[in-house]
1. Determine, yes or no, whether residue A:153 is assigned to a helix (DSSP H, G or I) and out of contact with any strand residue (DSSP E or B) (no Cβ under 6 Å at 6 or more places or on another chain).
2. Give the residues of the range A:803-828 that are surrounded by 14 or more Cβ atoms within 10 Å (Cβ to Cβ), touching a residue at least 60 places away in the same chain (Cβ under 8 Å) and not small (Gly, Ala, Ser), sorted by residue number.
3. Which one is farthest from RNA strand B (Cβ to nearest atom) among residues in the range A:286-316 that are closer than 27 Å to residue A:275 by Cα and part of a loop (DSSP other than H, G, I, E, B)?
4. Does the range A:786-802 hold any residues that are among the polar types (S, T, N, Q) and either buried (at least 20 other Cβ atoms within 10 Å of the Cβ) or closer than 11 Å to residue A:15 by Cβ (or both), and which are they?
5. Just to be sure I understand, how many residues within the range A:76-88 are surrounded by 21 or more Cβ atoms within 10 Å (Cβ to Cβ) and either of a type in the set (D, E, K, R) or not in a helix (DSSP H, G or I) (or both)?
6. Looking at A:558, A:600 in this structure, which one is closer than 20 Å to residue A:149 by Cα, modelled with pLDDT under 95 and within 16 Å of RNA strand B (Cβ to nearest atom)?
7. Restricting to the range A:471-494, and then to whatever is assigned to a strand (DSSP E or B) and within 19 Å of residue A:221 (Cβ to Cβ), can you tell me which residue is farthest from RNA strand B (Cβ to nearest atom)?
8. Go through (1) within 16 Å of RNA strand B (Cβ to nearest atom); (2) buried (at least 22 other Cβ atoms within 10 Å of the Cβ); (3) on the phi < 0 side of the Ramachandran plot; (4) in a loop (DSSP other than H, G, I, E, B) for residue A:408 and report which single condition fails.
Amino acid sequence: MLCFKAVVELIKMEFNHQSIEAKWRTQWVEKQTYKVSNDAQGKPKFYVLDMFPYPSGAGLHVGHPLGYIASDIYARYKRLEGFNVLHPMGFDAFGLPAEEYALQTGIHPAKSTNDNIKQYRAQLANLGFSFDWSREVVTCEPKYYKWTQWIFTQLYANYFDQASNKAESIASLEETFSKDGNATVKAANSYTEVFTAAQWNSMTALEKQDVLSHYRLAFRQVGYVNWCEALGTVLANDQVIDGVSERGGHPVEQKAMTQWYLRITAYADRLLYGLDNLEWSDALKAMQSNWIGRSEGASVFFDVEGSDEKVEVFTTRPDTIYGATYMVLAPEHDLVKKLCTADQKEAVEAYIKGVKSRTEIERMAEKQVSGAFIGAYAINPFTEKKMPIWIGEYVLAGYGTGAIMAVPSDDDRDHSFATKFGLDIIDVVDKSKYPNATNADKVGVMINSGPLNGLEVKEAITEACRQIESRNIGKAKVNYKMRDANFGRQRYWGEPFPVTYSADGIVSMLPKEALPLTLPDTTDFKPGGEGKSPLSRIASFAQLENGVTRETDTMPAVAGSSWYFLRYMDPHNEEAFASESALKYWQDVDLYVGGAEHAVSHLLYSRFWHKFLFDKGYVPTEEPFKKLINQGMIQGVIESIYLLREKKDGDYHFMCAKMIEKMGIEDAVPMPVHVSFVSDYGTAQSHLNIAGLKSFIKWRPIYGDAYFECDKGTLHKGRWIAKEDAEDSFLLTKSEVGKMSKRYYNVINPDEVIAEHGADVFRMYEMFLGPIEQSKPWDINSISGVSKFLKKYWTLFFSEEKFQLSDEDPTKEELKIFHGTVKKVRQDIERFSFNTCVSAFMECVNNLRKLNCNKRAILEPLNILLAPFAPFVTEEIWKELGHTDSVHISAYPQFEEKYLIEDSISYPICINGKKRALHDFPADTSKQDLEKQALALEVVKEWTEGKDIKKIIVVPNKMINIVVVG
RNA sequence: GCCCUGGUGGUGGAAUUGGUAGACACGCAGGACUUAAAAUCCUGUGACCUUUGGGUCGUGCGGGUUCAAGUCCCGCCCGGGGCACCA
C-alpha cells in the first residue's frame, strides 16, 4: 500500500496548472513581488510599457495579451538581469463605445466602464503579468484627468516660437506685441495681417483674443464634422459607412462647427527630425514621416480676371508653372461662392451637394475624376494666359491652400482631369533622357517654359521660386500634409474642457486650483441640439452666473493617452502630474510595446505633448519612447452569411456562399454573424448547421421568418425542408481574415483557453504562434504542442516518481545542451524573437529527456531561464527545489562559450551552388586543407570528372562550393 | 487612390550578416502499450521521378545580379493595417 506521502508525490507528477496558478497569483499579490519603488537602491532603471487597453464590453480578447506577454517576458528578464523595472498597467477609459452603449441601455458610461475594467483586471491577473498594480492609472478618473485638463490649459497659455524653436508663453508674446507689434515675431501661427504696437494696444480685449488665438497651441477654429440630421448627432468616421450612418443608414453631411484644435503643425519639423534618434522600425518611422508629409515648394498667388480676389496655391513643382493651364479649388473653398458665375451656379451647387455626402477617404480613393467649371478665369502670371477655374473633389480643403494650379503634363491626376474635361495640356518637361522616370521622380529638362528652358528640373525649381519671389507673387514655402489636431468632441464621455466664456465672448481657463472640472452626472446621454454635446443640456454645468457659459464639448480619447506613461512614474501625486524626482529617475520609456494600428495618431500626439512638456521644463527628455516594438495583430475570422437583395414570398432570403458563387449572384449582402454560431470556424468548410441558424435567429429575431437556403435544403420558420434526405443544414459562410473586434462578432476570449490549458501554456503558445511583429489569424489547433512541452518539462524534475534531483556533475553533452539554450534564449529575447525562444526550450527539453538528465546543476538554472516565459510553473518548481524566495528575483543564467566549442564541423559540399555531399572536418582544419580534402572526396570526384575546376569557395564554418565548367 | 507591411510543405512558422530551405510544433500515416478508448511513446511525412545509389523541381508571379538568392535589384499579383472623430 502506498503511504500518504507517496500518493502526494504521484499526484504531483501529474502537473496541475489550476491549483498552482491560483496559489501563486495570491502569493505574488500578498508579498508584493512586483511592486517597484522610485528609489534606485543602486540598480539601473528600466521602463517597460504596454499600450493600455480601452476596456471594451467584449472583454479582453486573445489579441490583447500578445504584446503584454512579450513585454512581460522582457520586463521579467530585465528584472532578473538586475534592473529596477517599472512595468505598469492602466486603462484608456474614455471613449465612444461606452457612450453608445449608454444610449442603447441607459447604463451610465462610468458604470459600464468600471465593470469592464474589473473584468479586464481579472483577465489580466489570470495571465500572470508582473504589473505593479499599485501604479494603475484610469483616464476617466477625476484625479487623473485633472492633469489632462491642466496640460490643456498650458497648451492654451503657450505659442510656438520659431526663433527659439520651442514653446514660449503667450504672456511674453503679448509683451512683444505691445512693444513691437507682430512684424518681428517668428511664430507658428495662422494670422495673416501685420500690425504695429500702436494698433495692438488700441485693440479691444476681444480683438486681442482673436489675434492671440491664431498663435496659441490650443485654439478654436471652424472644422467639419459628420453631421447626421436624422439622428440629430455628430458621428465618428467609424460610424459612417458608404456616406450614410451605420445605425439606420441615414444620410450624413459635412457640417462646419467651431471647435478646439491643437497646433501640432507647429512641432512638425521637430516631430520629423526627432525620429532619427529613436530605436523604432524604419517602417514606423516612414509612416510617421509620411503622415507629417513635409514638402518644399512655393505658394503662388494668381490674379482672377475681373476680380480683386487672388487664388493662393501651394505647389511642389513651381518649375512647371508654364504648363499650368487651369486651376482647381476644393469644393469647400471660400472663393467658390464669390467667383462662381450665374450661369454655372446651378451645376456648381449640384456638384457640391454630391461631394458633401462623401467622406474624405472616399474622395481620395475615387478613381474617376469629377469636377465642375465655376465660370471664372485666373491669369497665369508667366504665360499670361487665361486659366479656367474648376472645382474638383480630388483637391482637399485641408491640404495646402485647398487650391492647386493644374499641370496636366506633369501630374497624373491633373492629366486625367484635363483629358476628361478637354482642357489644354502643354508639355513642359522633356523626360526623354530618363526613359523609366515617373512624374514623381522630378527629373527632366524644361521646355516651352520661357527663361526656364534647358534647365534640369531641380535647378528649375530653385529658379522658378526666385522669379516668383522677385515678381512678388508668392514665395518659397515648406508645406506639411499633417493638419492641426481637432480636439473637440460633441460627446458626453470625455474630459470636460476647463473653459468658460463670458457673456461678451472672452475665453477663460480654470486655474490649477479649480481643477479637476468634473464631468457632471446625468441619466440622459442624447446629444444636445444642433450638434452640441449632451453637456449643453445640463444647465447647472453649462450656464453659470452673469451669462458666463462653459464649453460643452469634451476632449477626444487621445487626450488621456497622450501622457499616461508619465503618470505611472508617480501616480498618486496631487501637486503635479508627476514629481520632478520621479521624472528625473524614470526619465522615459525604454521599451514600448503596442499595436501598429496606433503607429501614427497616438504615437504622434504623445510625442507632441511630450515635446511641449519638455519645452516648458516639466519632463527631462525630448522624446517619450526610446525603443518601440509593434506587435502584429491577432486577427479573427469574420464569418458572414449572404442576404439576397430580393425577398422570397415576402420573407428575407439567405443563401449559402457556395450557391451564391455558383449562380453568379453579385449583389448579395454579406452580413457578419457571431462566430460562436459557426461550425468549423476559420476553415474553408465554415458553415451554419440548423443549431447555428437557430442561434442566429435568436440573436437577430428580425430574421425569424427568413429562408436559409443551402444545397442540402432550406430552413424556414423553424422547419427543415431537406433536399435528398440531408439531415442537417450546411450553409457555407464567407470567411475573411480581419480585425478581431466586437463589431465583427468574432472576439475570442482567452479565459476558456487559460482554464483548460493554464496561463503558462497560453503565454508560451501566443509567443510560439510566430514573430511578435507579424499579424496572424488566431488558431487554437496547435496549442497541444506547448502543453505537452510543459508537461515534459515538469517531469524532468522527477525521478523514481518523486520530485527529486541528482547532485551529480553534469556531462559535457548536458552542459553543451544547456549553455547552447542559454545563448540562444538570451540572444532571441534581446531581438524580441520569442517564438524561437520557445522552440529552443522545446529542443532543450527533448534533448535532456533523451539523456535522462535529472541533474540539479542543469535543471535549476534552466528553471530560471524559463521563468519569464512560464512564471507559474517555474515558481512552483523553485519552491519544490527548496528555495524560500521567488524565482523571479533570482539571477538570469549566463552562458559560457567553452561548453559550446565543437570538435568537428559538418560542411555541405556544393558543386556550382548545389549541395552534393555533407562531410565532417575537424574544426581547426585550415582553408587550404579544406579545399584539398574536399576535392579528394569520392562524391566530389564523381561530379567534377572531366570538368574544369574554376574556383573553390570556402566559407569557414559554413560551406564549401566548387565551381566547375564543362 | 496614397502610405506601411506580409506572401516559404496540408497548417503555424525556422533560416539573425547572400552560404545546407523547411528547425520547432500542429496535422496526417504507420507502429508499440491497452479488452477498448484516451493519454503516452516510437517511426515516417515538400512535390515528382527512381534501377532505392540517388536524381529533378521547389520560398506568390515574371525578369535580373552573383560561384551562391527565401534573403539583393526591376516589374507585376494577392492578403493585412493605417488614412486624421473606433480605440
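1. no
2. Selection gives A:803, A:805, A:815, A:816, A:818, A:819, A:822, A:823, A:826.
3. Per the stated criteria, the residue is A:316.
4. Filtering the range A:786-802 down to residues among the polar types (S, T, N, Q) leaves A:787, A:795, A:799.
Listed by number, the residues that qualify are A:787, A:795.
5. Summing the residues that are surrounded by 21 or more Cβ atoms within 10 Å (Cβ to Cβ) and either of a type in the set (D, E, K, R) or not in a helix (DSSP H, G or I) (or both) in the range A:76-88 gives 7.
6. Among A:558, A:600, only A:558 is closer than 20 Å to residue A:149 by Cα, modelled with pLDDT under 95 and within 16 Å of RNA strand B (Cβ to nearest atom).
7. Per the criteria, the residue is A:479.
8. (1)
The values are calculated or read from the model by the stated rules, or taken from the named source; none is laboratory data. Because the structure is a prediction, the values reported are computed rather than measured. Quick reminder, even Gly has a Cβ in these numbers, built from the backbone with ideal geometry, and neighbours come from all protein chains shown.
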